[in-house]
Amino acid sequence: MKLCRFGQDRVGLVTGEEVCDVTGALKALPALRYPFPPGDQMIAELERLTPAMLEEAQRGERHKLSDVTLLSPVANPGKLIAAPINYQSHIDQDVAGSDIAYSHEVTSITRAGLFLKANSSLVGAGQGVCIAFPERRNDHELELAVIIGGRGKNIAEEDALAHVAGYCIGLDMTVRGPEDRSFRKSADSYSVLGPWMVSADEVADPNALDLELSVNGELRQKTNTRELVLGVSQLIAWASSVYTLHPGDVIFTGTPAGVAPVKPGDVISATAQDIGSMDVAVRG
Ligand code: MN
């Protein structure tokens with residue numbers, strides 16, 4: 001199932017070049033009272049909502065994908081977790097040999113730890129990236145993004161994939177400079193998720209997916225997630241040993257070699273095997 005959010009907070013199922021509005025299925029969500037439970041309630045209830053969504057798809061309004069504005073497939077993540085330096089090619093080509101100031105000299109993910117991006121930085125493919133630091137170098141980072149399905153703490157590696165609701169493409173946009181990652185990667189629109197969430201059952205092996213990114217048609221990043229230093233299960237286990245994971249939490253799994261600058265007017269095109277493709281406009 002390819003689940004998207006689009007337009008004015010509509011929820012849709014994507015088939016081919018069409019999106020079918022299944023927002024009506026969300027009326028089955030429980031009425032909530034303050035204080036609200038942590039996490040994204042649609043993701044939390046997804047298993048229960050799926051039959052209603054499929055039924056709604058029989059009569060829901062259909063749109064061409066090209067006619068809708070795609071939003072982040074997760075509306076209310078509890079947190080955006082991200083893995084730094086998780087491809088050796090990125091460490092070798094972008095980090096180790098770089099003359100760009102990094103905040104520290106740590107070149108192993110197990111020493112660097114994970115970091116968090118502000119939830120307010122999250123946008124969908126159709127909303128685009130707005131450059132927040134026009135006088136500085138702003139880079140694209142192509143990543144596989146993992147959407148957590150349910151609450152979990154100290155998840156074992158062998159159980160980790162059962163905690164995944166789905167996958168999408170993540171762009172971990174970054175301004176270069178000496179500040180903490182959480183500052184440089186958290187400007188509004190610096191976290192892009194899209195084009196939609198593919199449910200976990202449709203991804204045979206998240207650690208064997210081709211990823212590719214080009215800017216204005218020029219290939220910049222190309223890898224397969226089997227090149228991850230810490231794979232998806234290891235990242236979930238590690239993250240959950242530190243943070244309680246909640247439904248809708250997102251893990252950006254890290255970027256391969258080829259991070260490079262973008263500027264207003266550019267179009268970033270990203271493709272992931274089993275997921276799909278998205279074009280993301282860069283604005284000033
Ligand atoms: Mn990154």
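Structure summary
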| read-out | value |
| --- | --- |
| Distance from the range 131-145 to the range 194-230 (C-alpha centre basis), Å | 18 |
| P(r) of the range 115-203 over all Cα-Cα pairs, binned every 5 Å from zero, in whole percent | 3, 14, 21, 21, 16, 13, 8, 4, 1, 0 |
| Reachable lysines from Lys2, criterion Cα separation under 29 angstrom, eight or more residues apart if same chain | Lys27, Lys64, Lys79, Lys117, Lys153, Lys185, Lys222 |
| Global geometry of the range 124-259, whether rounded, prolate or oblate, following the gyration tensor of its Cα atoms and the 1.5 cut on a/c | prolate |
| Ranked list, fewest to most other Cβ atoms within 10 Å of each Cβ, for Tyr243, Tyr190 | Tyr243, Tyr190 |
| Using θ = phi - 60° and Karplus 6.51 cos²θ - 1.76 cosθ + 1.60, couplings along the range 215-222 (whole Hz; Gly, Pro as x) | 10, 6, x, 9, 5, 10, 9, 8 |
| Equivalent ellipsoid dimensions for the range 15-69 as semi-axes, Å, which come from the Cα gyration tensor, largest first | 25, 13, 9 |
| Normalised convex hull volume, the range 223-284, alpha-carbon set, Å³ per residue | 141 |
| For the range 179-284, diffusion coefficient by Stokes-Einstein and Kirkwood Rh (Cα), 37 °C, 0.692 mPa s, µm²/s | 212 |
| Dimensions in Å of the range 160-206 - Rg and Dmax from alpha carbons | 14.1, 41 |
| Kirkwood-based Rg to Rh ratio, the range 206-253, C-alpha trace | 1.10 |
| Histogram of C-alpha separations across the range 135-185, 5 Å bin width, % | 5, 17, 18, 16, 13, 15, 11, 4, 1, 0 |
| Dimensionless Rg/Rh of the chain - Kirkwood Rh, Rg from C-alpha atoms | 0.95 |
| Semi-axes of the equivalent ellipsoid for the range 1-156, Cα gyration tensor, largest first, Å | 35, 20, 14 |
| 0 to 90° range, to nearest 10: angle between helix 46-56 axis and the chain longest Cα axis | 60 |
| Helix 232-242 axis, angle to the chain major axis (alpha carbon atoms, nearest 10°) | 90 |
| Protection proxy ranking, peptides 118-131, 247-260, 197-210, 166-179, average beta carbon neighbours within 10 Å, highest first | 247-260, 166-179, 118-131, 197-210 |
| The range 185-197 - phi-based ³J(HN,Hα) in whole Hz, Karplus 6.51/-1.76/1.60, Gly and Pro as x | 10, 10, 4, 3, 6, 8, 10, 10, 10, x, x, 7, 9 |
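We did not get these values from a lab; they are worked out from the coordinates using the rules stated. Just so we're clear, the structure is a prediction, and the values are computed from it rather than from any experiment. So basically every Cβ, Gly included, is an ideal-geometry build from the backbone, and we count neighbours across all protein chains shown.
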